[in-house]
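Report on one structure; see the data block that follows.
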Amino acid sequence: MDRAQLAEFLRARREALQPEDVGLPRGPRRRTGGLRREEVAALCGMSADYYGRIEQQRGPKPSEQMLAALARGLRLTLEERDHLFRIGGHLAPHRFARADHVNAGMMRVLDRLDDTPAQVMNSLGETLVQTRLAVALLGDETGFDGPARSVVYRWFTDPASRDVYPEEDHPTHARIFTALLREAYTREGRTGRAATLVETLLAASAEFGDAWREHVVGVRHTDLKRIRHPELGVLELHCQTLVDPDQSQALLVFTAVPGTQSARTLELLRVIAP
């Protein structure tokens, strides 16, 4: 770990970002450019004291998870992320095996969708980042560990995870999730993370085993999705997808047709969202 380089690099990237770059209001009292330390800490999901100690060269060695959060919060490119890991005392993540760094351009798009349910997911069905309305609509999908990070794993091992969709849609979603995992498995091969997830699911779920042995391919979600909110009922939403093929990630944006009941319900969600 190179404390001096780490502190200087974080400070330089913090000062280069403007509030508007990350979806924050500038405010009338801001006298200097760049972000404040507490703003970066909030973007990265850590305490301002922890982040401040790193910039002051007196903090502990950051974990890989903390460095990944810093890279995402500071909107770093892949090259900048790799540099951050190295000066932070870790090996740079393998870009194929650790597809959890959101493209900086995609993050900038997400920053401008604060009033819209939107989230970024990777090819294993792991949700990497969500807007506040996506959390209000679908629940917080970013706080899971291990195989449970994948929506496919949760679908076949946790019955409560299916509550987000109407029951009559469950068979369709099971086939879609299985097909998407097979696509990732085929692309990565037997040594990839998808293969590990498949082995874990085969041991944990007979239902998944039956679906996997059907060898269903090419089945995908339709543009129109029915999502069941625990308080507001079922919403019919269109899901638009922006794909980053280099990192096997997709930005999902949920919208409703203007004038419909789902559009009115979505407006209510904006009011009650935290």
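The values are calculated or read from the model by the stated rules, or taken from the named source; none is laboratory data. None of these values were measured; they are calculated from a predicted model. With ideal geometry, Cβ positions are generated from the backbone for all residues, glycine too; neighbour counts draw on all protein chains shown.
Take segment 232-252 and flag every residue that is more than 21 Å from ASP114 (Cβ to Cβ) and more than 19 Å from the chain's Cα centre (by Cα).
The initial filter retains those residues of segment 232-252 that are more than 21 Å from ASP114 (Cβ to Cβ), namely 233-234, 236, 243, 245-248.
Within segment 232-252, GLY233, VAL234, GLU236 meet the criteria.
How many of the residues making up segment 213-235 are of a type in the set (Asp, Glu) and within 30 Å of ALA104 (Cα to Cα)?
Quick first cut of segment 213-235, residues of a type in the set (Asp, Glu) only: 214, 223, 231.
Narrowing further to those that are within 30 Å of ALA104 (Cα to Cα): 223.
Residues in segment 213-235 being of a type in the set (Asp, Glu) and within 30 Å of ALA104 (Cα to Cα): 1 in total.
State yes or no: is ARG13 among the basic types (Lys, Arg), in a helix (DSSP H, G or I) and within 18 Å of HIS101 (Cβ to Cβ)?
Values: among the basic types (Lys, Arg): yes; in a helix (DSSP H, G or I): yes; within 18 Å of HIS101 (Cβ to Cβ): yes.
Yes, satisfied.
Which ones in segment 51-91 are part of a helix (DSSP H, G or I), over 25 Å from MET106 (Cβ atoms) and either without any contact (Cβ under 8 Å) to a residue 12 or more places away in the chain or among the acidic types (Asp, Glu) (or both)? First the steps, then the outcome.
Residues of segment 51-91 that are part of a helix (DSSP H, G or I), as a first pass: 51-55, 64-73, 78-87.
From the residues that got through so far, the ones that are over 25 Å from MET106 (Cβ atoms) too are 52-55.
Answer for segment 51-91, where residues must be part of a helix (DSSP H, G or I), over 25 Å from MET106 (Cβ atoms) and either without any contact (Cβ under 8 Å) to a residue 12 or more places away in the chain or among the acidic types (Asp, Glu) (or both): ARG53, GLU55.
Are there strands (runs of 3 or more DSSP E) fully within segment 168-274 with at least 1 residues that are without any contact (Cβ under 8 Å) to a residue 24 or more places away in the chain, within 21 Å of ALA136 (Cα to Cα) and touching a strand residue (DSSP E or B) at 6+ places or on another chain (Cβ under 8 Å)? List them. Give the derivation first.
Numbers: elements: 224-229, 233-244, 249-255.
Passing ranges, in order: 224-229, 233-244.
Here are the criteria: (1) assigned by TED's automatic domain parsing to the domain that holds THR265; (2) more than 24 Å from ARG220 (Cα to Cα). Tell me which single one HIS83 does not satisfy.
(1)
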